[in-house]
Amino acid sequence: MFLAKSGKGADKMGALLRDREVKKEYVARVKGEFPLGDIVCEEPLLTVAPKVALNRVKPSGKPAKTAFKRISYDGETSIVRCRPFTGRTHQIRVHLQYLGHPIANDPLYSNEWVWGPELGKNGAGDDEIIAERLGHIGRSRPAGTWINPVIDESDFKGEMLTGTKCEVCETDLFSDPSANDLDLWLHALTYSANDKSWSYATPFPEWALEPNRQYMELALEEAKKCEGTETAFSVGALLVKDGEILSTGYSRELPGNTHAEQCALEKYYEKTGTREIPEGTVIYTTMEPCSERLSGNLPCTDRILDTNIQTVFVGVLEPDTFVANNVGKQKLTDAGIHYIHIPGYEKACLAAATKKP
Ligand SMILES: [Zn+2]
């Protein structure tokens, strides 16, 4: 939520929002393997049943447009960056559902009992049946979601009518909510004015980081394999596609003054006899990839930009010890690469990096 500190400020921000001069970006965690590349959904949206907050893609609806780009896929769910260009009710949720990848814990748009096994992909499902079933959720049935389904009565937990009333005021009493009632894997990541006069960013939520932590921990294990030196950092890196580890690397693993990212890439090229990294591969590195090398070798940032890699997860930014002002992060971000810091490993990454011989 934004609060202006003055009336003037509120007017200015309100006008920017109204004129769609504010760029918004969200992150969502969705069912299944979200497609690669720039995906744009421009299906019109209509509020079909306001009582149960049901919105759907309908030719008679209002124009809507959302752009999506996958960040990572763990074999079960995908982390997706979402950019809405219009502001319809539930726009991101409904467009993701229409594409066949509803938010994995969305109690409204990823409930199989309500939508059937296709979960409303391509607009499947009868409006009246869906609205009628949604009317039961939170009353005679608890909310169910794709990631946390409610199949039969043995799964019945979460908010629903208990059939009892408050002794004092006679209001209907509900049971306690479950995870399906309390959280939605959709988060506003950045807001920025198109004229670049201001921007605001929030950290990645834990549910978007959690599927990636195991790989950062493995990258850290790689970093620990390095032979310490006084003249360079010790870093670990991992190439992962669809939850499968393609290659690993650590500083000076290959002969010469080699870097972790470089070793992971070169080992993969060597193994496959190609110079191609498959689309959808992401890289985990314990330290921000270098943008300049004193040795004159190709910096890791450039090596990454030469591949299909679209997402870089890092454990810690590079300290200024050897090269002042590493601009690896800036260079990658400017090229449209998702650059994501996974918090919690800074100390361990730095300790591994500065191990003495
Ligand atoms: Zn490097």
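Of the residues Leu305, Leu218, Leu209, Leu239, the single one that is within 16 Å of the ligand (Cβ to nearest atom), within 26 Å of Lys347 (Cβ to Cβ) and under 22 Å from the mean Cα position of the chain (by Cα) is Leu239. In region 61-71, is there at least one residue being touching a Lys or Arg at 6+ places or on another chain (Cβ under 6 Å) and polar (S, T, N, Q)? Among the residues of region 61-71, not one is touching a Lys or Arg at 6+ places or on another chain (Cβ under 6 Å) and polar (S, T, N, Q), which makes the answer no. Against the criterion of being at pLDDT below 95, surrounded by fewer than 22 Cβ atoms within 10 Å (Cβ to Cβ) and among the polar types (S, T, N, Q), Thr354 qualifies. Scanning region 221-233 for residues that are within 16 Å of the ligand (Cβ to nearest atom) and at pLDDT below 95, we see that the one that is nearest to His338 (Cα to Cα) is Phe233.
Annotation note: Cβ proximity below 8 Å between a residue of region 187-201 that is hydroxyl-bearing (Ser, Thr, Tyr) and a residue that is surrounded by 11 or more Cβ atoms within 10 Å (Cβ to Cβ) and in a loop (DSSP other than H, G, I, E, B) (sequence gap 6+ or interchain) occurs for Thr190/Thr202; Tyr191/Phe2; Ser192/Trp198; Tyr200/Phe2. Screening region 1-52 for strands (runs of 3 or more DSSP E) wholly inside it with 3 or more residues that are assigned by TED's automatic domain parsing to the domain that holds Asp195 and closer than 22 Å to Ser192 by Cα returns the ranges 22-31, 38-41.
Within region 320-334, count every residue that is within 14 Å of the ligand (Cβ to nearest atom) and either under 13 Å from Glu261 (Cα atoms) or of a type outside the set (Phe, Trp, Tyr) (or both).
Final tally of qualifying residues: 8.
Within region 39-75, how many residues turn out to be surrounded by fewer than 16 Cβ atoms within 10 Å (Cβ to Cβ), of a type in the set (D, E, K, R) and at pLDDT 95 or above? Number satisfying all stated conditions: 3. Taking every residue in region 288-306 that is in contact (Cβ under 8 Å) with a residue 24 or more places away in the chain and pairing it with any residue that is more than 8 Å from the ligand (Cβ to nearest atom) and among the charged types (D, E, K, R), at least 6 positions away or on another chain, the pairs with Cβ-Cβ distances below 7 Å are Glu288/Glu318; Glu288/Lys329; Cys290/Glu318; Ser291/Lys331; Pro299/Glu292; Thr301/Lys331.
Contact map, region 150-163: residues that are of a type in the set (Val, Ile, Thr) paired with residues that are part of a strand (DSSP E or B), Cβ distance under 6 Å, separation 6+ or inter-chain. Pairs shown: Thr162/Leu173. The single condition from (1) within 14 Å of the ligand (Cβ to nearest atom); (2) modelled with pLDDT of 95 or more that Gly344 fails is (1). Scanning region 84-127 for residues that are over 17 Å from Leu45 (Cα atoms) and either part of a helix (DSSP H, G or I) or aromatic (Phe, Trp, Tyr) (or both) yields Glu112, Trp113, Val114, Trp115.
The values are calculated or read from the model by the stated rules, or taken from the named source; none is laboratory data. These numbers come from a predicted model, not from an experiment. No Cβ is skipped: glycine too gets one built from the backbone with ideal geometry, and neighbour counts run over all protein chains shown.
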